[in-house]
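The values are calculated or read from the model by the stated rules, or taken from the named source; none is laboratory data. Only a predicted model underlies this, so the values are computations on that prediction, with no experimental measurement involved. Cβ: placed from backbone, ideal geometry, glycine included. Neighbour counts: every protein chain shown. Please note that ligands, DNA and RNA were not included when accessible areas were found on the heavy atoms of the full protein model with its side chains. Shrake-Rupley method; radii C 1.70, N 1.55, O 1.52, S 1.80 Å.
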Amino acid sequence: MAPEHRGEDQREMPYWYNVDTKQVETDENRSQNANVMGPYDTQEEAAAALETAARRTAEWDEEDREWEERGAQE
């Protein structure tokens, strides 16, 4: 079914963040997979993709440090 004919119960079209153009894209105008991050549920989430990725990376790095410290104490 074409996106313009979606029913009320179906999800909206996902959004993507293009790391090359720094623009939010939809399924209709999405670039190659190597150039985009996503999918995201909203335009706002897609626009914040780099900040979200940086925050998550920092959180994972901290978890790794804590894991390594626990291993060193055993």
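Write out, first by first residue and then by second, each pair whose Cβ atoms fall under 6 Å of each other, whose residues are 6+ apart or on separate chains, and whose first residue, in region 1-28, is modelled with pLDDT under 95 while the second is open to solvent by less than 100 Å² (accessible area, probe 1.4 Å) and of a type in the set (Val, Ile, Thr).
MET13/THR26
Being in a loop (DSSP other than H, G, I, E, B), loosely packed, with under 12 Cβ neighbours inside 10 Å and not acidic (Asp, Glu) is the filter here, so list the residues in region 18-39 that pass it.
THR21, LYS22, ASN29, GLN32
Looking at THR42, THR57, which one is at pLDDT 85 or above and open to solvent by less than 60 Å² (accessible area, probe 1.4 Å)?
THR42
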